[in-house]
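Following: one structure in structure tokens, then a few remarks.
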Amino acid sequence: SGTMRLMASDKTMELLRAEKGDESGRLMTRLLDPIDRINLWLVLRTAWIFDGGADLERMKSGFVELLEHYPFLSGRMERGRLIELTNEGVPFVVDARPELTVAHLCEHRHSAEDFTEPLSIGRMQNGREPVMKVRVTEISDGWVLGVTCSHGCLDGVGFYSMVRDWSRLTSGRIFAPP
């Protein structure tokens with residue numbers, strides 16, 4: 001399986017990894033260009049609100065497949081200059097906020113930070129933290145998908161294209177690899 005389950009307080013966290021990796025035994029890398037390195041400190045944080053139940057297993061399965069096409073997301077950065085394609089995994093956190101409803105979230109302003117995992121730029125640049133994190137928060141009548149990623153890894157267009165590709169993989173629709 002491409003997952004490992006860990007438990008912490010009232011959240012659960014799994015490290016999702018691509019099931020297939022480079023079998024050559026060589027450590028592959030993705031060199032960051034100067035613009036990527038300048039943008040490392042910018043963090044993309046987005047949260048989407050959905051009504052109804054979340055099919056977490058399908059979401060995880062789609063994400064594991066997505067990592068086959070975006071292997072750098074489950075790698076670790078080396079000195080802020082490159083990403084080693086180590087397939088160490090992307091944290092997939094599941095949390096519950098039963099006191100919240102879709103209507104409440106739509107009527108009251110909330111920050112994406114309320115539904116995303118923090119990303120420490122210093123730890124990420126030194127390979128001690130992943131470049132991306134995912135969090136699903138279950139609420140009383142729906143759920144919130146929160147995604148955090150370093151802008152140095154994906155710019156705005158790349159970020160939303162990746163989320164679209166994940167949606168397509170999860171729902172079984174046609175997917176054109178990047």
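The values are calculated or read from the model by the stated rules, or taken from the named source; none is laboratory data. For clarity, every value in this text was computed on a predicted model and none was experimentally measured. Cβ placement follows ideal geometry from the backbone for every residue including glycine, while neighbour counts extend to all protein chains displayed. Protein only, heavy atoms only, side chains kept; ligands, DNA and RNA dropped before computing areas. Shrake-Rupley method; radii C 1.70, N 1.55, O 1.52, S 1.80 Å.
Among (1) touching a helix residue (DSSP H, G or I) at 6+ places or on another chain (Cβ under 9 Å); (2) surrounded by 17 or more Cβ atoms within 10 Å (Cβ to Cβ), where does VAL102 come up short?
Among (1) touching a helix residue (DSSP H, G or I) at 6+ places or on another chain (Cβ under 9 Å); (2) surrounded by 17 or more Cβ atoms within 10 Å (Cβ to Cβ), the lone unmet condition for VAL102 is (1).
Test of understanding: among ARG109, ARG128, which residue is open to solvent by 10 Å² or more (accessible area, probe 1.4 Å), at pLDDT below 95 and of a type in the set (Lys, Arg)?
ARG109
Would you confirm whether or not the range 131-150 contains a residue that is free of Cβ contacts under 8 Å to residues at least 12 places away in the same chain, open to solvent by 40 Å² or more (accessible area, probe 1.4 Å) and either farther than 18 Å from LEU16 by Cβ or more than 14 Å from the chain's Cα centre (by Cα) (or both)?
Taking every residue of the range 131-150 in turn, none turns out to be free of Cβ contacts under 8 Å to residues at least 12 places away in the same chain, open to solvent by 40 Å² or more (accessible area, probe 1.4 Å) and either farther than 18 Å from LEU16 by Cβ or more than 14 Å from the chain's Cα centre (by Cα) (or both).
Just checking, which of MET59, MET28, MET77 is farther than 22 Å from VAL136 by Cα, among the aliphatic types (A, V, I, L, M) and buried (at least 18 other Cβ atoms within 10 Å of the Cβ)?
MET77
Each row is one residue, and each column tells you yes or no for (1) among the charged types (D, E, K, R); (2) within 28 Å of GLY172 (Cβ to Cβ); (3) touching a His at 6+ places or on another chain (Cβ under 6 Å); (4) part of a loop (DSSP other than H, G, I, E, B).
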| position | (1), (2), (3), (4) |
| --- | --- |
| HIS104 | no, no, no, no |
| GLU117 | yes, yes, no, yes |
| GLY122 | no, no, no, no |
| VAL136 | no, yes, no, no |
| LEU145 | no, yes, no, no |
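For residues that are farther than 12 Å from GLU129 by Cα and surrounded by fewer than 21 Cβ atoms within 10 Å (Cβ to Cβ), scanning just the range 88-99, find the one that is nearest to the chain's Cα centre (by Cα).
VAL93
Would you be able to tell me the number of residues in the range 134-174 that are under 30 Å from ARG37 (Cβ atoms) and not hydroxyl-bearing (Ser, Thr, Tyr)? First the steps, then the outcome.
Initially, the range 134-174 is screened for residues under 30 Å from ARG37 (Cβ atoms), giving 134-135, 145-167, 169.
Within this subset, residues satisfying the condition of being not hydroxyl-bearing (Ser, Thr, Tyr) are 134-135, 145-147, 149, 151-159, 162-166, 169.
Residues that pass the stated criteria total 21.
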